[in-house]
Amino acid sequence: MSTIFSKIINREIPADIVYETENVLAFRDINPQAPVHILIIPKIEISKVTDIKTPEHSHLMGEMIEAANKIAKQENISETGFRLVFNCGDDSGQDVYHLHLHLLGGRKLSWPPG
Ligand code: 5GP
């Protein structure tokens, strides 16, 4: 089922887009939890990590990590460090059921997460 992120992909609602390729889009989170908080998403609709099932999906995951590395450089947090997070399912707190990779950085992040 389509989510708000499909509307961002289709430019039906605005977003602060920081990176785009044929298959991947990245934009700033509307409710940032760190100075840098960017969401990296595939343009095709995959709901969550447990729906990653095909070699094409796995390749797409690689493209998302590649995007994260490039954006981290753009945002000058590549050297200081950052965190990549996929929430999957209700217990993780996943709200939007369109696969997304959180890129968080720009401050010291605590561990373990809540
Ligand atoms: P989740 O909890 O599903 O892992 O994360 C969803 C993220 O999407 C949240 O951090 C939330 O702030 C962000 N988000 C939800 N709706 C929008 C929106 O319309 N625009 C943007 N830029 N971010 C959104």
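Quick notes on this one:
- Dimensions of the chain based on its C-alpha atoms, expressed as ranges along the principal axes with the largest first, amount to 35, 29, 28 Å.
- Helix-only arithmetic for the chain: the sum of -39500 (n - 2.57) across DSSP H runs with n ≥ 4, divided by the residue total, places the mean residue ellipticity at 222 nm at -7000 deg cm²/dmol.
- For the pair Ser47 and Asn31 in one chain, pulling the backbone fully straight at 0.36 nm per residue adds 3.7 nm over the alpha carbon distance.
- For the chain, with all protein chains in place and a probe radius of 1.4 Å, 52% of the accessible heavy-atom surface sits on carbon or sulfur.
- Helix 55-74 axis, angle to the chain major axis (alpha carbon atoms, nearest 10°): 30 degrees
- Take the chain with all the other protein chains still there, run a 1.4 Å probe, and you get 61 Å² of accessible area per residue.
- Region 42-48 - phi-based ³J(HN,Hα) in whole Hz, Karplus 6.51/-1.76/1.60, Gly and Pro as x: x, 6, 7, 7, 10, 6, 7
- Between region 37-56 and region 76-114, the alpha-carbon center distance in angstrom: 15 Å
The values are calculated or read from the model by the stated rules, or taken from the named source; none is laboratory data. Everything numeric here is computed off the predicted structure, so don't read it as measured data. Remember, those area values only see protein heavy atoms, side chains included, never the ligands or the DNA or RNA. Shrake-Rupley method; radii C 1.70, N 1.55, O 1.52, S 1.80 Å.
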